[in-house]
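Q: Sharing a structure with you now.
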Amino acid sequence: MTEVEIGVSKRARRAYAFDDIAIVPSRRTRDPRDVSVGWSIDAFQFESPVIAAPMDSVVSPATAIRIGQLGGLGVLDLEGVWTRYDDPEQVLAEIRELSDDDSVARMQEIYSEPIKPELVRDRLAEIRAAGVTVAGALSPQRTQDLYQTVVDAGVDLFVIRGTTVSAEHVSKSSEPLNLKKFIYELDVPVIVGGASTYTAALHLMRTGAAGVLVGFGGGAASTTRASLGIHAPMASAVADVAGARRDYLDESGGRYVHVIADGGLGTSGDLVKAIACGADAVMLGAALARADDVPGGGYHWGAEAHHPELPRGRRMQVGTIGSLEKILYGPATTVDGTSNIMGALRRSMATTGYSDLKEFQRVEVVVAPYQPH
């Protein structure tokens with residue numbers, strides 16, 4: 001792969017963001033009604049390839065249920081306000097009202113409240129009672145302590161999500177999570193990430209993960225690039241991890257690991273390009289935080305925004321444009337790719353002649369940096 005010279009002593013690989021690429025129509029087109037956007041992982045079937053990110057501004061038990069009813073998957077943050085407070089609505093209302101100057105310090109205080117195992121149990125039970133797929137997320141640091149509580153409470157899918165997750169974490173002060181042993185002993189499919197390189201993703205796939213989350217430092221509410229200097233342009237990251245999936249499929253004798261783009265997906269066009277680069281599904285945060293029936297109420301934040309020692313995210317105002325159903329399925333009343341994102345995916349697939357997501361991963365892509373007018 002072509003490298004560029006940064007200076008005499010350093011060379012770098014050129015990487016591309018979604019804004020740097022575009023997909024190209026082929027000789028065939030289809031009726032959008034004949035296109036399938038369904039997705040499945042392990043035994044679980046979904047009408048759309050959308051996973052709602054485990055962020056308090058996006059997923060509550062109620063919205064996890066609603067997203068499940070709409071054909072997607074909602075993942076509850078098991079380290080969020082829903083498992084720390086009996087009445088999280090009051091806490092969420094306070095977060096929405098904070099000034100920008102006060103938000104980080106106050107959110108650090110709010111999220112210092114201990115996680116209560118009984119609330120983990122009760123929140124997951126609420127989702128299960130609605131008859132939708134139950135998914136919860138923990139950071140790698142919390143997984144050791146809380147996973148048994150989560151498993152006993154009953155989850156269908158377990159997500160281990162961090163800024164970056166490796167299969168070879170090294171620590172002199174604590175026993176690291178043995179991902180391979182953990183996943184082997186767990187009775188449910190595990191989705192793990194983030195990863196953004198071929199090698200890191202291949203190692204995660206070898207742990208037995210059912211899916212790998214791609215990306216770090218690229219979400220709308222993240223300041224990881226500014227604070228840590230780390231960023232993964234998502235078009236290249238997804239394509240690299242999709243390459244690891246292909247090679248692991250051969251190495252393992254046919255075991256398919258799902259690639260899930262996570263971050264940098266603000267519009268329907270970004271979602272389309274993620275799948276074109278090889279993603280099987282996408283994890284959405286800010287795109288769904290714009291719904292008027294999610295907890296953020298027009299604000300969006302992630303766990304990075306209240307890290308006790310080094311916050312590297314912010315609470316940001318994204319506004320509201322309508323319901324979750326409108327954002328996913330329309331009808332759209334905006335032209336900026338923020339609503340009817342499934343309709344946009346269907347039309348893009350139909351315009352380029354592909355009938356399902358796996359076929360669409362083969363669509364032609366060109367480097368065409370976006371020049372706003």
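The values are calculated or read from the model by the stated rules, or taken from the named source; none is laboratory data. Note that the coordinates shown come from a computational prediction; the quantities given were computed from them, not determined experimentally. In this analysis, Cβ positions are derived from the backbone assuming ideal geometry, glycine residues included, and neighbour counts consider all displayed protein chains. SASA here: full protein model, heavy atoms, side chains in, ligands and nucleic acids out. Shrake-Rupley method; radii C 1.70, N 1.55, O 1.52, S 1.80 Å.
Q: Please go through the stretch 206-236 and give me each residue that is basic (Lys, Arg) and in a helix (DSSP H, G or I), ordered by number.
A: Of everything in the stretch 206-236, just one residue is basic (Lys, Arg) and in a helix (DSSP H, G or I), namely 225.
Q: So how many residues does the stretch 24-44 have that are closer than 28 Å to residue 210 by Cα and of a type outside the set (Gly, Ala, Ser)? Outline the logic, then answer.
A: Residues of the stretch 24-44 closer than 28 Å to residue 210 by Cα: 35-44.
The next check asks that each one be of a type outside the set (Gly, Ala, Ser); those that pass are 35, 37, 39, 41-42, 44.
Residues that pass the stated criteria total 6.
Q: So, in the stretch 14-43, how many residues would count as being out of contact with any helix residue (DSSP H, G or I) (no Cβ under 8 Å at 6 or more places or on another chain) and part of a strand (DSSP E or B)?
A: Going through the stretch 14-43 one residue at a time, the tally reaches 2.
Q: Please specify each residue of the stretch 216-236 satisfying the condition of being out of contact with any Ser or Thr (no Cβ under 6 Å at 6 or more places or on another chain), open to solvent by less than 20 Å² (accessible area, probe 1.4 Å) and within 19 Å of residue 275 (Cβ to Cβ).
A: Matches in the stretch 216-236: 234, 235, 236.
Q: So which residues in the stretch 50-76 are assigned to a helix (DSSP H, G or I) and open to solvent by less than 30 Å² (accessible area, probe 1.4 Å), if there are any at all?
A: Within the stretch 50-76, 61, 63, 64, 65, 67, 68 qualify.
Q: If you go through the stretch 1-13, how many residues are of a type outside the set (D, E, K, R) and part of a strand (DSSP E or B)?
A: Of the residues in the stretch 1-13, 4 are of a type outside the set (D, E, K, R) and part of a strand (DSSP E or B).
Q: Looking at 79, 47, 89 in this structure, which one is within 18 Å of the chain's Cα centre (by Cα), open to solvent by 80 Å² or more (accessible area, probe 1.4 Å) and modelled with pLDDT of 95 or more?
A: 47
Q: Name, by its number, the condition in (1) under 27 Å from residue 45 (Cβ atoms); (2) in a helix (DSSP H, G or I); (3) open to solvent by less than 40 Å² (accessible area, probe 1.4 Å); (4) among the aliphatic types (A, V, I, L, M) that does not hold for residue 239.
A: (3)
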